[in-house]
Amino acid sequence: MSSTPLPATPAPAAAPAAPGTALRAPRLVELTADADPRAVGAALAALGLWPTPLRDPDGRVRALSLHPSSALCAPSALAALPGVARVLGAASPHPLVDALARRPVEVAGHTFNAPGGAPLLIAGPCSVESEGALSVAADQVAAAGAQWLRGGAYKPRTSPYAFQGKGDEALRWLRAAADARGLRVVTEALSEASAPRVAEWSDVVQIGTRNMQNFALLKAVGATRRPALLKRGLCATVEEWLLAGEYLMSHGCPAVVFCERGLRSFDEQTRNLLDLGAVALLKHTYGLPVVVDPSHAAGRRDLVEPLARAALAVGADGLMVEAHPNAAEALSDGPQALSGDELRRLAHHLRALAAALPPPPLSADWAARAASRP
Ligand code: PEP
Ligand code: MN
């Protein structure tokens, strides 16, 4: 038997979560014999949890069940509430990822989880095609005010006849182009064998969509101890994505930035279906570093800016955008590449939008309060 959630009481003052506090989804709160179920329910509701009283056959409430989509919080915070005897719930399967939650995470010169901070812009060509073309692209990336230079040295291509990337020499060009302009490098590791070389020449190692569950690769990239940018698989659940992050961290990766780039869908008008709900969930409920790649989501340059704006509005820490000095002749993903001017305009608009956005919504606040309670 169930009833509607108990009403909320006024929330306590917000306080930051203690670093490393494990945020979980507790499922059941057992009450002490003398507890007032309504008061406990109200205290839980104020923390963003959705309690439902569980009644014995005699009509007495001895426990409250918590909806699985309730805010995450530290179980110890709930155990400390008056009237609570015990908090039950499954342990998180990704504790190392959870520990990144809601605290400043430094990756390659950028601080993630810093509400109100300027968004991170990652930009560059889909593939690194030549030293000269990369140099022009890097000038445009720097002129737009982007902080990280992207570009594939090793390319995962659907067709074996398509351009496969320039490999190790492209890694060296990326490093030189970035260093000359004060940028950082993010580029994809496609194989276990090349992971150490990719880590040596880059600041952040990208795991591509097609490799999100290549567990051997995740372990090899983790072992390089470089931070990783983890793109979501084409049909991966959020939990699978988080667990892929846990693979990286449990093998040595110091931090993971999650990158939503669209899921495979039935529609052919856009390349993928951008899951902004998952971005909101990762940011506001889990409190994790998350960026959005609107280029691979849209597959067409006219939609890159609208999707980028939406991504910032739902709380993304930044954007990863493809740009090419001569998109018509790009060796991969030309239709979605922005020109240098388009990139500069986009960056300008995104900075203005970020500055105008109000503070993050309640859910982040709720979890922070729950985690910071004694
Ligand atoms: C890329 O960013 O270079 C890329 C190949 O993207 P994805 O893995 O998202 O397809
Ligand atoms: Mn691409």
In the range 155-187, residue nearest to the chain's Cα centre (by Cα) [restricted to those that are hydroxyl-bearing (Ser, Thr, Tyr) and more than 14 Å from Glu200 (Cβ to Cβ)]: Thr158
Filter result (farther than 20 Å from Pro115 by Cα and within 12 Å of ligand 2 (Cβ to nearest atom)) within the range 305-327: Val321, Glu322, Ala323, His324, Ala327
Qualifying position, being in the same structural domain as Val107 (by TED's automatic domain parsing) and in contact with a strand residue (DSSP E or B) (Cβ under 6 Å, 6 or more places away or on another chain), among Leu263, Leu242, Leu217: Leu263
Verdict on Gly245 being touching a helix residue (DSSP H, G or I) at 6+ places or on another chain (Cβ under 8 Å), part of a helix (DSSP H, G or I) and within 19 Å of Lys283 (Cα to Cα): yes
One residue from Val105, Val97, Val84 being in contact (Cβ under 8 Å) with a residue 24 or more places away in the chain and crowded, with 23+ Cβ neighbours inside 10 Å: Val97
Hey, Ala223 modelled with pLDDT of 95 or more and touching a strand residue (DSSP E or B) at 6+ places or on another chain (Cβ under 8 Å) or not: no
Qualifying residue in the range 238-257 (condition: within 16 Å of ligand 2 (Cβ to nearest atom) and in contact (Cβ under 8 Å) with a residue 60 or more places away in the chain): no
All positions within the range 320-346 that are in a helix (DSSP H, G or I), away from ligand 1 (no atom under 16 Å from the Cβ) and surrounded by fewer than 22 Cβ atoms within 10 Å (Cβ to Cβ): Ala328, Glu329, Gly340, Asp341, Glu342, Arg344, Arg345
Test for Glu129: is it buried (at least 21 other Cβ atoms within 10 Å of the Cβ), closer than 21 Å to Asn326 by Cβ, acidic (Asp, Glu) and within 15 Å of ligand 1 (Cβ to nearest atom): yes
Residue selected from the range 254-287 under the condition out of contact with any Asp or Glu (no Cβ under 7 Å at 6 or more places or on another chain) and of a type in the set (D, E, K, R), by the criterion farthest from ligand 1 (Cβ to nearest atom): Lys283
Single match in Ala138, Ala108, Ala162, Ala153 (criterion: in contact with a strand residue (DSSP E or B) (Cβ under 6 Å, 6 or more places away or on another chain) and within 15 Å of ligand 1 (Cβ to nearest atom)): Ala153
Subset of the range 266-298 [over 29 Å from Ala71 (Cβ atoms) and surrounded by fewer than 18 Cβ atoms within 10 Å (Cβ to Cβ)]: Phe266, Asp267, Glu268, Gln269, Thr270
The one condition in (1) away from ligand 2 (no atom under 14 Å from the Cβ); (2) closer than 30 Å to Tyr286 by Cβ that Ala123 fails to fulfil: (1)
Pick from the range 188-213, criterion of a type in the set (S, T, N, Q) and touching a residue at least 40 places away in the same chain (Cβ under 8 Å), ranking: surrounded by the fewest Cβ atoms within 10 Å (Cβ to Cβ): Ser194
Tally of residues being crowded, with 16+ Cβ neighbours inside 10 Å and touching a Pro at 6+ places or on another chain (Cβ under 7 Å) across the range 225-245: 2
Filtered residues of the range 147-183 (kept if away from ligand 2 (no atom under 16 Å from the Cβ) and touching a Leu at 6+ places or on another chain (Cβ under 7 Å)): Gln147, Trp173, Ala177, Ala178, Leu183
Counted residues, the range 34-50 - those being modelled with pLDDT of 95 or more and over 14 Å from Ala77 (Cβ atoms): 8
Residue that is farthest from ligand 1 (Cβ to nearest atom), among those in the range 288-319 that are in a loop (DSSP other than H, G, I, E, B) and in contact with a Leu (Cβ under 9 Å, 6 or more places away or on another chain): Gly315
Failed item in (1) in a strand (DSSP E or B); (2) over 29 Å from Pro358 (Cβ atoms), with Ala90 passing the rest: (1)
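The values are calculated or read from the model by the stated rules, or taken from the named source; none is laboratory data. These numbers were taken from a predicted model, which means no experiment stands behind them. Here Cβ is always computed from backbone atoms with ideal geometry, including for glycine, and neighbour counts include all displayed protein chains.
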